[in-house]
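The values are calculated or read from the model by the stated rules, or taken from the named source; none is laboratory data. Keep in mind the model is a prediction, meaning the values are calculated, not measured. Here the Cβ positions follow ideal geometry from the backbone for every residue, glycine too, while neighbour counts run over all protein chains shown. Note: accessible area is taken over every heavy atom of the protein model, side chains too, but ligands, DNA and RNA are not part of it. Shrake-Rupley method; radii C 1.70, N 1.55, O 1.52, S 1.80 Å.
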Amino acid sequence: QRTAELAVINSVQDGLAKEMDIQGIYDLVGEKIRNIFQAQVIDIVTYDKKNNLIEDRYSFEKGDRSLLGPRPLKGIRKHVIESGSTIVINSITDEILLKYDQTVLSGEKTKSVVMVPMIAGGEINGVISLQNLDQENAFPESDVKLLNTLANSMSVALENARLFDETTRLLKETEQRTAELAVINSVQGGLAKELEI
């Protein structure tokens, strides 16, 4: 079991090391999770703290890859983001749905769920969710630990990609400023030599 888990973690980290595109990271991890776990629903959502919204970055439900756009933070994901901790619910009852103010936005009602926060730089920036529509108690502790490890690896890769994008943007801005200054300097140089109106 441990050897299999390490092989999965290594293959994901290998892929993450090569992937600098942010959406590519979500897709890579989402597909790996889909191949590993016994879950009919997998989603990765990001959290916009400023506007208190979540948005799908990867979604899979029995073959459906539809992404839901930005929406208010609520339900079980709200609990995970506010607490910063993983939640495992082995049996989804009406009482559980009421407790977390959880509604089904699309697809079928789930029977068991595990949700893991994505944390980078001490900030919670999203949630990974696995859901089983057919079976209660679908996620053993080993699955939860592996999912937490994958969430941590992905969070670090996403932060690195974000920093890379920011550095690239700043470099382009610097190059643009340098080009503008060169134009201004050449015009000023010409004006300094030209005395005729």
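Side notes on the structure shown:
- Residues (among the charged types (D, E, K, R) and either in contact with an Asp or Glu (Cβ under 8 Å, 6 or more places away or on another chain) or surrounded by fewer than 17 Cβ atoms within 10 Å (Cβ to Cβ) (or both)) located in the stretch 122-149: Glu123, Asp134, Glu136, Glu141, Lys145
- Hey, Ala192 within 23 Å of the chain's Cα centre (by Cα), at pLDDT below 85 and of a type in the set (Gly, Ala, Ser) or not: no
- Some residue of the stretch 160-167 being surrounded by 11 or more Cβ atoms within 10 Å (Cβ to Cβ), touching a residue at least 24 places away in the same chain (Cβ under 8 Å), over 24 Å from Val113 (Cα atoms) and aliphatic (A, V, I, L, M): yes
- Of the helices (runs of 4 or more DSSP H) entirely within the stretch 1-97, those holding at least 2 residues that are open to solvent by less than 60 Å² (accessible area, probe 1.4 Å), modelled with pLDDT of 75 or more and of a type outside the set (Asp, Glu) occupy 22-36, 75-83.
- Cβ-Cβ under 6 Å pairs, at least 6 apart or on other chains, the stretch 31-42 side over 12 Å from Val114 (Cα atoms) and touching a residue at least 24 places away in the same chain (Cβ under 8 Å), far side in a helix (DSSP H, G or I) and open to solvent by 20 Å² or more (accessible area, probe 1.4 Å): Ile36/Val8
- Inspection of the stretch 125-146 finds a residue satisfying the criterion of being farther than 27 Å from Leu28 by Cβ and modelled with pLDDT of 85 or more.
- Flag if Ile119 is in a strand (DSSP E or B), at pLDDT below 90 and either open to solvent by 70 Å² or more (accessible area, probe 1.4 Å) or of a type in the set (A, V, I, L, M) (or both): yes
- Failed condition for Glu196, given (1) free of Cβ contacts under 8 Å to residues at least 60 places away in the same chain; (2) part of a helix (DSSP H, G or I); (3) farther than 30 Å from Thr110 by Cβ: (2)
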